[in-house]
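Written out below as structure tokens is the structure these notes cover.
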Amino acid sequence: MAEEAILGFLHENAEIADSGEFATQSGISHDEIVNVIKSLSAFHFVDAQDIKRDNLILTNEGRAYAAAGSPEVQLVNAIPPEGITLKELENKVGSNVFSIGRSYAMKNKWVEMDKSKVLTRKVDTVDDKVKEMLMQIQEGKVKNTEDPAFNNLKKRKLVSSQIWKGYSVKKGPKYARERRKPATDLTRDNLQRDEWKNLEFKEYNFKAKGFPVEGGHLHPLLKVRKQMQMIFLQMGFEEMPTNNYVESSFWNFDALFQPQQHPARDSHDTFFLKEPSITKILPEDYVARVKQVHEFGGYGSRGYGYDWKREEANKNLLRTHTTAVSSRMLYSLAQKPFAGQRYYSIDRVFRNEAVDRTHLAEFHQIEGLICDRGLTLGDLQGVLQDFFSRLGMSKLRFKPAYNPYTEPSMEIFGYHEGFKKWVEIGNSGMFRPEMLLPMGLPEDVRVIAWGLSLERPTMILYGIDNIRDLFGHKVDLGLIKSNPICRIGIK
Ligand SMILES: N[C@@H](Cc1ccccc1)C(=O)O
């Protein structure tokens, strides 16, 4: 409609001198007129020149008086013929209108006050010039803002001036009464039907912004892993090599003094490999000592008293925990002159579990261990305190637990300040002598260790309640792209 009006007007007239006036005359909003002028001028249908001027506009107060009348007139109209006390008048018109209106009404000599503070009118009727002028401005009828009549309104802060921007418009080189939509693409149909000869094509806009370029984003699990790594490194830990997903039952279970009939070793809980189904190389001397300790004990232990089978230890599986990596590391450590170590790993493990909102058949474990002479349960608690407080959890509680390879064992609970409750955050313990001594570690060496999942703290940190949004083929790309800032504080 605006386009038709502009092109139509220019057909009859040489120019639109002022887009503001044109808008008022045609009853179309100035914003719309301006948009169309910009677009017509981009296609050279019209030539547009900027015009700028000072315009008067009403302040909030001015707008209120344009509607209800100036306070001085409101005040005078509220005075009954017999007069009124100041107090009563203030109650009647409100304190704002009262105080402003009274001073102007006095100045205009519209009212007088006697000794007993009763206000009476000196005139029968008053003209509301202020309201009239405000309405003129509101309707855009005032052009000359220099007119001294308006100075008073400016002083009273009922109007202010604002720079107004508009255009004057003439026909452009491509002027036509009607604009056909320019083609944006050359289609196969255009070519076949020979239409392309008559088509008008939209010009390239080299200033247009292109699509935003997307860079890579780190997955939340990678970010939390990085932060965990930093914490371990700052605490003087060394990373363990974790690249083998396939492990033998021996290193995953037997070396950890986990009996062969333990339910975790069932195919309902563990993925066993069909091909290659068994491991070929194990350290034979050590295997013999592990068999011995399972069957008959030793090193102060009674053992489990069952018939330990090599075939069971040979079975390949997808490692069910990264403690399998720890057992390999400790064994190789025992083959050299002893030196204390701090090890950590963060990598994938597999469990044959039913998948639900909080469980997947594969996830990541964070594993930490310290082996040295003279370590105690107090050291384990102290290290855990240090570790978790670097993650922003400084209130910890420990609950006695059971693992075949640790004694004592403790579940770790942390107080989550956000949730205002205790949440389980890990499992820990001191490796048993039945595990360490067959490896060949010196008798006075102790190993404190702990493990937790990477997914759980990540879900807590990112407020995710379904693990499938975090990991797997249904992962929420929006979550990764939004790249939220992780709230783990590294100290
Ligand atoms: N391996 C244990 C964690 C753990 C590691 C080290 C010591 C004690 C516990 C688990 O999978 O939950």
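The values are calculated or read from the model by the stated rules, or taken from the named source; none is laboratory data. Just so it is clear, the structure is predicted and the values come from calculations on it, not from any experiment. For neighbour counting, all protein chains shown are included, and Cβ atoms are generated from backbone atoms with ideal geometry for every residue, glycine included. Remember, those area values only see protein heavy atoms, side chains included, never the ligands or the DNA or RNA. Shrake-Rupley method; radii C 1.70, N 1.55, O 1.52, S 1.80 Å.
A few remarks follow.
- Thr358 meets all of the listed conditions (1) part of a strand (DSSP E or B); (2) more than 30 Å from Glu443 (Cα to Cα); (3) open to solvent by 50 Å² or more (accessible area, probe 1.4 Å); (4) touching a residue at least 40 places away in the same chain (Cβ under 8 Å) but one, namely (1).
- Screening the stretch 389-491 for helices (runs of 4 or more DSSP H) wholly inside it with 1 or more residues that are open to solvent by less than 40 Å² (accessible area, probe 1.4 Å), within 16 Å of the ligand (Cβ to nearest atom) and not aromatic (Phe, Trp, Tyr) returns the ranges 433-439, 455-462.
- Among residues of the stretch 84-119 being of a type in the set (D, E, K, R) and under 12 Å from Gln74 (Cα atoms), the one that is most open to solvent (accessible area, probe 1.4 Å) is Lys92.
- Looking across the stretch 375-390, not a single residue is out of contact with any strand residue (DSSP E or B) (no Cβ under 8 Å at 6 or more places or on another chain) and of a type in the set (A, V, I, L, M).
- Taken together, Phe253, Phe232, Phe257 contain a single residue that is over 38 Å from the mean Cα position of the chain (by Cα) and within 23 Å of Glu362 (Cβ to Cβ), which is Phe253.
- Elements of type helices (runs of 4 or more DSSP H) contained in the stretch 1-89, each with 3 or more residues being in contact with a His (Cβ under 9 Å, 6 or more places away or on another chain): 19-26
- Scanning the stretch 5-21 for residues that are open to solvent by 70 Å² or more (accessible area, probe 1.4 Å) and without any contact (Cβ under 8 Å) to a residue 24 or more places away in the chain yields Glu12, Glu21.
- Which numbered condition Ile163 misses (of (1) surrounded by fewer than 10 Cβ atoms within 10 Å (Cβ to Cβ); (2) outside any strand (DSSP E or B)): (2)
- For the stretch 197-212, the count of residues that are part of a helix (DSSP H, G or I) and over 18 Å from Arg328 (Cβ atoms) is at least one.
- Unique match (being in contact with a Phe, Trp or Tyr (Cβ under 6 Å, 6 or more places away or on another chain) and at pLDDT below 90) among Val142, Val76, Val123: Val123
- Sole residue being outside any helix (DSSP H, G or I) and either surrounded by fewer than 17 Cβ atoms within 10 Å (Cβ to Cβ) or more than 16 Å from the ligand (Cβ to nearest atom) (or both), chosen from Lys280, Lys291: Lys280
- Qualifying residue in the stretch 64-81 (condition: open to solvent by less than 30 Å² (accessible area, probe 1.4 Å), farther than 30 Å from Trp164 by Cβ and of a type in the set (Phe, Trp, Tyr)): no
- Qualifying residues in the stretch 319-341 (those that are among the hydroxyl-bearing types (Ser, Thr, Tyr) and not in a loop (DSSP other than H, G, I, E, B)) - the one farthest from the ligand (Cβ to nearest atom): Ser332
- Positions within the stretch 347-368 being among the aliphatic types (A, V, I, L, M), out of contact with any Gly (no Cβ under 9 Å at 6 or more places or on another chain) and within 13 Å of the ligand (Cβ to nearest atom), in sequence order: Val349
- Qualifying residue in the stretch 181-195 (condition: without any contact (Cβ under 8 Å) to a residue 40 or more places away in the chain, exposed (fewer than 10 other Cβ atoms within 10 Å of the Cβ) and on the phi > 0 side of the Ramachandran plot): yes
- Scope the stretch 248-272; condition open to solvent by less than 40 Å² (accessible area, probe 1.4 Å) and assigned to a loop (DSSP other than H, G, I, E, B); matching residues: Phe253, Phe257, Gln258, Pro259, Gln260, Thr270
- The combined condition, being surrounded by 12 or more Cβ atoms within 10 Å (Cβ to Cβ) and more than 29 Å from Asp444 (Cα to Cα), is fulfilled by Asn314.
- Evaluated against (1) within 19 Å of Thr322 (Cβ to Cβ); (2) surrounded by fewer than 21 Cβ atoms within 10 Å (Cβ to Cβ); (3) within 29 Å of the chain's Cα centre (by Cα), Glu353 falls short on exactly one condition, (3).
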